[in-house]
Amino acid sequence: MHTIEQPSIAAGHDLIESGLERDALVTVFGRCTVDYDGRASSQLDAGDRHVMLKPDGTTLVHTDEGQQPVNWQPPGCEHAVRRVAADDGTEELVLETNRSTPAERLLVRFSTVRQISAFSGTDESDLTLSGTEEDLRTRILDEPELLGTGFTPLATERETPAGAIDIYGEDSSGRAVVVELKRRRVGPDAVSQLRRYVDSLGRDLHADASIRGILVAPSVTDRADRLLAEHGLEFVSLEPIAE
């Protein structure tokens, strides 16, 4: 582990760069702005934040409140660090995370760096879960009304060109229902997956078929919640309960 406190921008840059090169987990705490550009755009003005860069491409930006990051990027992204000149002639430290599909960029610009750490290590242990997606499926098949009065499951793992639908059924009005199951809190990727299944099933059924899409998970992120509303999809909060 390498840690430096109150580093110069040059020293901070060098530690982060070396950490990224050797696939270390890098954390940076200091005063920064955050800009996201991709499927939408967002900006955070200057504030004290803790940023984590994981070797798998994940980026997490945390404040001093709450358990969820205020911004993030998923695994598979590319990290970079550079020094840039600020408007006042000083230097700033810039962390950049890029995702190719879809095209997204997260830019964190530090005016002041208070601490940087680079950790090298491995974790081969898998998390032992008390509930799985299969437990969630069983719970719904045993109690279909959890997804609404009149919901009737018709099939599990129904194949579509986009993949297998976890649960396929009909509601009380005879509308087709696509149910996507997730055992833990999910983000926009899960919404996109559900939308692909709904669109794919729509191409298989008759032209005037009405299809509902329901995402079932313990919780969703704010970005996922907005996407659900934009695409006319639904969310039901359920926890998987192990037998």
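The values are calculated or read from the model by the stated rules, or taken from the named source; none is laboratory data. The shown structure was predicted, so the numbers you read here are calculated from the model rather than taken from an experiment. In this analysis, Cβ positions are derived from the backbone assuming ideal geometry, glycine residues included, and neighbour counts consider all displayed protein chains. To get the accessible areas, we keep the full protein, side chains included, count just its heavy atoms, and leave off ligands, DNA and RNA. Shrake-Rupley method; radii C 1.70, N 1.55, O 1.52, S 1.80 Å.
On inspection, GLU5 qualifies as over 28 Å from GLY187 (Cβ atoms) and charged (D, E, K, R).
For segment 59-76, enumerate the residues that are over 12 Å from the mean Cα position of the chain (by Cα) and assigned to a strand (DSSP E or B). VAL61, HIS62 - these are the residues of segment 59-76 that are over 12 Å from the mean Cα position of the chain (by Cα) and assigned to a strand (DSSP E or B). Of ARG49, ARG82, ARG22, ARG39, all but one fail to be touching a Cys at 6+ places or on another chain (Cβ under 7 Å) and at negative phi; the exception is ARG49. In segment 205-224, what residues are among the charged types (D, E, K, R) and loosely packed, with under 14 Cβ neighbours inside 10 Å? Selection gives ASP208, ASP222. A count restricted to segment 167-189 and to residues that are out of contact with any Ser or Thr (no Cβ under 7 Å at 6 or more places or on another chain), assigned to a strand (DSSP E or B) and charged (D, E, K, R) stands at 1.
Considering segment 1-52, the residues that are touching a helix residue (DSSP H, G or I) at 6+ places or on another chain (Cβ under 9 Å) and open to solvent by 70 Å² or more (accessible area, probe 1.4 Å) include one that is farthest from GLN68 (Cα to Cα), namely HIS2. Residues of segment 143-157 include none that is within 30 Å of GLY47 (Cα to Cα), among the hydroxyl-bearing types (Ser, Thr, Tyr) and part of a loop (DSSP other than H, G, I, E, B).
Quick grid of which residues meet (1) assigned to a helix (DSSP H, G or I); (2) over 27 Å from SER41 (Cα atoms); (3) under 13 Å from the mean Cα position of the chain (by Cα):
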site: VAL191; (1), (2), (3): yes, no, yes
site: SER200; (1), (2), (3): yes, yes, no
site: HIS206; (1), (2), (3): no, yes, no
site: ALA224; (1), (2), (3): yes, no, yes
site: LEU228; (1), (2), (3): yes, no, no
site: PRO240; (1), (2), (3): no, yes, no
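Residues of segment 135-147 that are within 26 Å of ASP204 (Cα to Cα) and either touching a residue at least 60 places away in the same chain (Cβ under 8 Å) or over 27 Å from the mean Cα position of the chain (by Cα) (or both): ILE140, LEU141, PRO144, LEU147. Each residue in segment 69-99 was checked for being touching a residue at least 12 places away in the same chain (Cβ under 8 Å) and small (Gly, Ala, Ser), and 3 pass.
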